[in-house]
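The values are calculated or read from the model by the stated rules, or taken from the named source; none is laboratory data. On a predicted model such as this, the values are computed, not experimentally measured, just so you know. No Cβ is skipped: glycine too gets one built from the backbone with ideal geometry, and neighbour counts run over all protein chains shown. Heavy atoms of the whole protein, side chains included, go into the accessibility calculation; ligands, DNA and RNA do not. Shrake-Rupley method; radii C 1.70, N 1.55, O 1.52, S 1.80 Å.
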Amino acid sequence: MRDQASPAETLRTALAGLLEDLPPKAAAQAVDRLIANYRGTTPTGAPVLRDRADVSAYAAYRMPATFEAARSALDALAAAAPSDWSPAGHTDIGGGTGAATWAVNATWPGGRPVTVLDWAEPALALGREIATANPDLAPVRWQRARIGAALDVPSAALVTVSYVLGELTADDRAAVVDAAARAATDAVVVVEPGTPDGYARVLDARARLIDAGFRVAAPCPHSDACPIAPGEDWCHFSVRVARSSLHRQVKGGSLAYEDEKFSYVAAVRPAAVPAEPSPGRVVRKPQIRKGMVLLDLCDAAGAPRRETVTKRHGALYREARDTPWGAPWPPAGT
């Protein structure tokens, strides 16, 4: 008997047929325009996804990457939270076609009340259609709402704000993060592209959440000020994503994967989720040299540092060789 497909596999299958009725040239043009919009620095004041063609192209091209980035952030939250904690409900702000909703389901399997809020009706319609492939997502409520200062966010244990802050003005960004903090009984997770601007937005959200009484569970080992000076560097991570045929068509090349860079913060209400952040976090890709591994870390002392692990460290050296960018350090039990 075949094992039940994972949410990631189910999502890939559900996305595979989206472009059957959309000519390849039209799909590529839609993707090019969407990339230009998402990389722009001027908020649109309106949904970027305008019609079925836009939404289909976006979902096929970007949804796997946003899913994997959100899942990485949620996995870090799950690792810091008590092992018996899972969100009893979920609200996804700016959720579009539902990547973060799928990611929550991948991290904590099972059905739960979920509300996806987005201002693009075509995105919500396609998200609803794709979700029929996953029985756990049957209870999801897909609700149209303008993402901005007047947003009414339903209360839920977990509120996610994923890849949407860059579309908003500074005032709307602040209002949305504050609304997420008010609505979340347990935790808030914010995910943005792993660019200097995306990191700056995450840093602002992190500060607002701390001011609202939350504590950082990941990626930071502390809730003090970030030691990275904006403009000099930025904190981001990477996750590998399988490329679809549309990826290869638009970007060229033959690689079967690409690396999605993202920044995030996962914050909790301490009384609801007594999370234990990792003592350190690998904040750059580990450098493996002959007989040694160089790890760039952020630790509970609140300052970046480099640790050199050599063969003389025995088992710890073997752990270091297998430790990916973004992982906790040192490993549990060492």
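Structure above, values below:
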{"item": "Given the chain, longest segment not containing exposed loop GluC sites (Glu not before Pro) (DSSP; at most 16 other Cβ within 10 Å)", "result": "21-231"}
{"item": "GNM flexibility winner over the chain from Gly302, Gly148, Gly291 (Cα, springs under 10 Å)", "result": "Gly291"}
{"item": "P(r), alpha carbons of the chain - 10 Å bins starting at zero, rounded %", "result": "6, 26, 34, 24, 9, 1"}
{"item": "Efficiency of FRET between Asp32 and Ser6 - r from beta-carbon atoms, R0 35 angstrom, step 0.05", "result": "0.65"}
{"item": "Lysine pairs within the chain, Cα separation less than 30 Å, 8 or more sequence positions apart or different chains", "result": "8"}
{"item": "Percentage, to the nearest whole number, of Cα pairs in the stretch 51-143 over 17 Å apart", "result": "46 percent"}
{"item": "Full-extension gain in nm, Gln143 to Glu129, via 0.36 nm per residue minus C-alpha separation", "result": "3.7 nm"}
{"item": "R0 of 22 Å, Cβ-Cβ distance Asp322-Glu258: FRET efficiency to nearest 0.05", "result": "0.50"}
{"item": "For the chain, calculated [θ]222 nm from helices alone, where every DSSP H run of n ≥ 4 adds -39500 (n - 2.57)", "result": "-11500 deg cm²/dmol"}
{"item": "Hypothetical label at Ala200: residues of the stretch 161-188 whose amide nitrogen lies under 19 Å (7 Å Cα-Cβ projection)", "result": "163-177"}
{"item": "From phi via Karplus (6.51, -1.76, 1.60), per-residue ³J(HN,Hα) for the stretch 64-79 in Hz, x at Gly/Pro", "result": "x, 6, 5, 4, 5, 5, 4, 5, 4, 5, 5, 4, 5, 4, 4, 5"}
{"item": "Selected from Asp296, Asp197, Asp233 as most flexible by GNM, with the chain as the system and alpha-carbon contacts under 10 Å", "result": "Asp233"}
{"item": "Contour excess over end-to-end distance, with Cα ends at Gln287 and Ala88 and 0.36 nm allotted per residue", "result": "67.7 nm"}
{"item": "Per-residue SASA entry for Ser155, accessible area with 1.4 Å probe, Å² rounded to 10", "result": "90 Å²"}
{"item": "Packing-based ranking, highest mean first, of 77-83, 109-115 given that Cβ atoms within 10 Å are counted", "result": "77-83, 109-115"}
{"item": "Top of Val265, Val293, Val190 by mean-square fluctuation, Gaussian network on the chain, Cα under 10 Å", "result": "Val293"}
{"item": "Normalised contact order of the chain, rounded percent, pairs of Cα under 8 Å and 6 or more residues apart", "result": "15 percent"}
{"item": "Computed label-point distance, nm, for sites Ala207 and Ile228 using a 7 Å Cα→Cβ extension", "result": "1.6 nm"}
{"item": "Kirkwood Rh (inverse of mean 1/r, distinct Cα pairs), the stretch 77-229, angstrom", "result": "15.7 Å"}
{"item": "Accessible surface of Phe237 - all protein chains present, 1.4 Å probe, nearest 10 Å²", "result": "10 Å²"}
